[in-house]
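Peer 1: Pasting a structure here, questions to come.
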Ligand code: ADP
């Protein structure tokens, strides 16, 4: 059986949008059918129904009301889906056959213009990638909401391409048709990107001016792919797209995906949220544009010394000049999101309120410039140089729009009195008419003597005169025409009343039309200012970020960093900016850090929780802060520019990963070793802990030696393998340092102070004690430790393992299989153990202490303890 014409129409459109949900407009609803309906009903939790579509079986169907579609669209976008919006292109009432329908827009995660998926202070980037011969790649990036376009070409393999895609922070990537399944998988699964295909790589005619600066075919093709996709999906003119900006990927400090995550630059590892990240700490921006710019800066620290110095100089000026800074902040507060507004002007979805906001924002600009001038700083002046105040636009908007227009642009009340003569006439006509009607009530009451007579209005009958039944007898015959009878009253009209009414209605209708037309004119006028507004947005966003740096630097007493002459690092009283802020005021222990060509590797030992990784991260964050032009958390800091930062820092979520975690660890290490230069910074935390002790030590040592001999990058390496500290004697440029802790009454107290030399004791058991493990476990662990220590020479690796396990076995036997608890056993004296205790013991016994790391041991102990405290 054949499908009905409508379902056939649906299917033929759906065929072109196979990877999207097709929102098919039917009257007041967007309907979905077949598989789309099945999936959407689950994703959106809406009712799945079915309808007869002419085929053999009923067709699954679900729908969302047209007026609340935005909400559903946002939900699907957030989950990474695409939605094709298919509208009725004709009025169904005036069409005889099938209504013509067309897809008017394909909304995708990388191309949303509105709704709650867009975060104010974050860009929404979409990228296009091209693969050329000789491992060359092109990457173009766009934010449709702001119109920004950037492009880079690089060679260096697919791995680098993945890093670049991730570095630009895109959420959707447009790929060539022939990209292999494997690579697609990697982009989709590892980077969690939405993939879209585009084969056309020609720069469309109207956009050629944007691509003027691209002098290579490969660049043009990559940009072409991006533009073709945007045009194909958005189906509109996109007048706000900005000229593409070419960048070299070696213009910026490189921070790979993992390191960005590990260092929690823009979001935290645990909660995946901004709170607790460096971005969160540094964000004192007053505008949405500033917020987005700050994120861009943090993701791309500079390598250009003079540019960094220039930024630092503005921060210094703003930090010192409290009043100018406050004035600037005050003005910035009133600046609306000009950049996204420009995008929405181009898309044609701004309302009068937006334009009024725009005007108010522009009115702030002269004051902003004034505040900047007072700083007397060349870089700040350069930022505000040639700022376009868009005075004509301000004037037109001021004259054209009322101060507080309604949201709707089609219901009048937007345009200021006096702006347009014709509108004035309509308004007068309507006003006079209304006045006449208003006075009618009074004059008719007097004429008839009916005090309760009133003049009213309803949508169906228009204006009328109402007289209550009781008073009807008072009404002179033939005075009015009867119009409507109610239970208690009669309603009447007069020819004059109807005449006035017609005048009023006509005037009002024309007024609405004219107001809308005038609004559209103002919107068109604004459109002409898009490039100026975008430039202004950029200038303001930079000022905003710099003032944000000044505020935080002042508040947290950061210091202006200096550039070292060679490659030495000299930090006095350095702090981890985020940990310091989160800890109680005054409790953070500041630390020095000193490295130069004779001290390239610091091997950091110390108990868990002493502060090793905090110390390591602190250096990386300080470097990032300096290279984005912010002051740094230290009393004094002299540092070189780092070209790249690599980290392998155990993250909280690694603890559950097991085997694959070790693989990730090795992959990340390999990446660092293959890419790092002498100008890089490498942080390796507990490398090798994911494998057995001897494996781990061997690998760690080999990695350290490789960095020492071949790379010469500044490296911080933390370890709990005490054996590695012996490297201090063998490698000239390696220095042992440790994070101190002291024992007090059998408890451990962390000092968080980094001092020269190797740590000399393992504090694992003390940490376990702090974690409140049962006393019995702690006591027993102490005994085992003693036994082990007495029996093994830790520097004699050969045969050690065998001896250890032998020893362990004998320790076990000595104590008897079941008398696990020592000290005569408060608890071992108990006759019966419950089931959890039996289970826990079994697990404890099966632990191979030699092949697991202290951290894993703590985790296991924690589990055991938890299971013991559970009720049966
Ligand atoms: P490790 O890497 O040695 O196991 P961490 O660096 O993770 O230890 O630090 C553990 C905790 O100690 C941190 O979460 C922080 O609260 C605290 N800490 C670390 N360094 C300091 C410091 N310098 N001053 C105060 N507290 C610190």
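Read-outs throughout are calculated quantities, based only on the coordinates presented, and are distinct from any laboratory measurement. Quick caveat, the model's predicted, so the values are computed rather than measured. Cβ atoms come from the backbone with ideal geometry, glycine included; neighbour counts cover every protein chain shown.
Peer 1: Taking the simple approach of a point 7 Å from Cα along Cα-to-Cβ for both residue 447 and residue 749, what is their distance in nm?
Peer 2: If labels sit at residue 447 and residue 749, their model points lie 10.0 nm apart.
Peer 1: Let me ask something else about it. So for the pair residue 863, residue 95, with labels modelled 7 Å out along Cα→Cβ, what separation do we get in nm?
Peer 2: Computed distance between label sites residue 863 and residue 95 equals 6.2 nm.
Peer 1: Follow-up question, since we're still on this one. Working out 0.36 nm times the residue gap between residue 388 and residue 710, then minus their Cα-Cα distance, what length gain in nm do you get to one decimal?
Peer 2: Contour length minus the Cα-Cα distance gives 110.6 nm.
Peer 1: How fast does segment 467-513 diffuse by Stokes-Einstein, in µm²/s, taking the Kirkwood radius from C-alpha pairs at 20 °C and 1.002 mPa s?
Peer 2: 173
Peer 1: Any chance you could list the semi-axes, whole Å, largest first, of the equivalent ellipsoid that the Cα gyration tensor gives for segment 618-751, using √(5λ)?
Peer 2: Those come to 24, 21, 17 Å.
Peer 1: If you line up the long axis of helix 775-791 against the longest principal axis of the chain, both from Cα atoms, how many degrees apart are they, to the nearest 10?
Peer 2: With rounding to tens, the tilt is 40 degrees.
Peer 1: In addition: Could you state the principal axis extents of the C-alpha atoms in segment 1-90, from the largest down, to the nearest angstrom?
Peer 2: If we take the Cα atoms of segment 1-90, the spans are 38, 29, 24 Å.
Peer 1: If we restrict to alpha carbons, what Rg and Dmax does segment 677-729 come to, in Å?
Peer 2: Just the Cα atoms of segment 677-729 yield Rg and Dmax of 11.0, 32 Å.
Peer 1: So what's the back-of-envelope 222 nm ellipticity for the chain, counting only DSSP H runs of four-plus at -39500 (n - 2.57) apiece and dividing by all residues, rounded to 500?
Peer 2: Roughly -14000 deg cm²/dmol at 222 nm, from the helical runs in the chain.
Peer 1: Could you work out Rg/(2.2 N^0.38 Å) for segment 1-41, with Rg from alpha carbons only?
Peer 2: 1.13
Peer 1: Sorted from largest down, what three extents in whole angstroms do the Cα atoms of segment 421-478 have along their principal axes?
Peer 2: Extents along the principal axes, in whole Å: 48, 25, 19.
Peer 1: How would you classify segment 318-376 from its alpha-carbon gyration tensor, with a ≥ b ≥ c the square roots of the eigenvalues: rounded for a/c under 1.5, else prolate if a/b is greater than b/c, otherwise oblate?
Peer 2: It comes out prolate by the Cα gyration axes.
Peer 1: State the Kirkwood hydrodynamic radius of segment 199-342 in Å, one decimal place, computed from all pairs of distinct Cα atoms.
Peer 2: Every distinct Cα pair counted, the radius reaches 18.6 Å.
Peer 1: Binning at 10 angstrom from zero up to the longest distance, how are the C-alpha pair distances of segment 267-393 distributed in percent?
Peer 2: Taking every Cα pair in segment 267-393, the percentages come to 11, 34, 35, 18, 2, 0.
Peer 1: Could you check what % of the DSSP bridge pairs in segment 1-143 are antiparallel, to the nearest 5?
Peer 2: 85
Peer 1: I would also like to ask the following. For the Cα atoms of the chain, what angle does the longest principal axis make with the long axis of helix 34-44, in degrees from 0 to 90, nearest 10?
Peer 2: Orientation of helix 34-44: about 70 degrees from the principal axis.
Peer 1: Over the Cα atoms of segment 486-526, what is the Rg over Rh ratio if Rh follows Kirkwood?
Peer 2: With Rg and the Kirkwood Rh in hand, the quotient comes to 1.38.
Peer 1: Another question, if that's okay. Would you mind giving the average projected area, over all directions, of the Cα convex hull of the chain in nm² with one decimal?
Peer 2: 54.0
Peer 1: For a test of the definition: using alpha carbon positions, the gyration tensor, and the 1.5 limit on a/c, classify segment 116-219 as rounded, prolate or oblate.
Peer 2: Judged from the Cα gyration tensor, segment 116-219 comes out oblate (a/c at least 1.5, b/c at or above a/b).
Peer 1: Determine Rg/Rh for segment 436-566; Rg is computed over alpha-carbon atoms and Rh is the Kirkwood hydrodynamic estimate from the same atoms.
Peer 2: Value, to two decimals: 1.55.
Peer 1: Work out how much length residue 272 to residue 132 would gain on full extension: take 0.36 nm times their residue separation and subtract the Cα-Cα distance, in nm to one decimal.
Peer 2: Taking 0.36 nm per residue and subtracting the Cα distance, the gain is 46.9 nm.
Peer 1: Run the simple label-point estimate for residue 525 and residue 216 please: 7 Å along Cα→C-beta, distance reported in nm.
Peer 2: 4.6
Peer 1: Could you compute how fast segment 496-607 diffuses translationally, taking Rh as the Kirkwood radius over C-alpha pairs and applying Stokes-Einstein at 25 °C with viscosity 0.890 mPa s? Give it in µm² per second.
Peer 2: For these conditions, the coefficient is 115 µm²/s.
Peer 1: Using a Förster distance of 60 angstrom, determine the FRET efficiency expected from the C-beta separation of residue 845 and residue 8, and round it to 0.05.
Peer 2: Between residue 845 and residue 8 the formula returns 0.30.
Peer 1: So what are segment 52-136's ellipsoid semi-axes, whole angstrom, largest first, if each one is the square root of 5 times an eigenvalue of the alpha-carbon gyration tensor?
Peer 2: Semi-axis lengths for segment 52-136 are 33, 19, 15 Å.
Peer 1: Quick check: the angle from helix 421-448's long axis to the longest principal axis of the chain, C-alpha only, nearest 10 degrees?
Peer 2: Tilt relative to the chain: about 60 degrees.
Peer 1: Another question about this same structure. Can you give me the C-alpha center-to-center distance between segment 149-182 and segment 405-431, rounded to a whole angstrom?
Peer 2: So the separation of the two Cα centres works out to 52 Å.
Peer 1: Shifting gears a bit: Which whole number of Å³ per residue matches the convex hull of the alpha-carbon atoms in segment 367-466?
Peer 2: Spread over its residues, the Cα hull of segment 367-466 gives 175 Å³ apiece.
Peer 1: Starting from 0.36 nm per residue, how many nanometres of slack lie between residue 178 and residue 663 once their C-alpha separation is accounted for?
Peer 2: 171.6 nm
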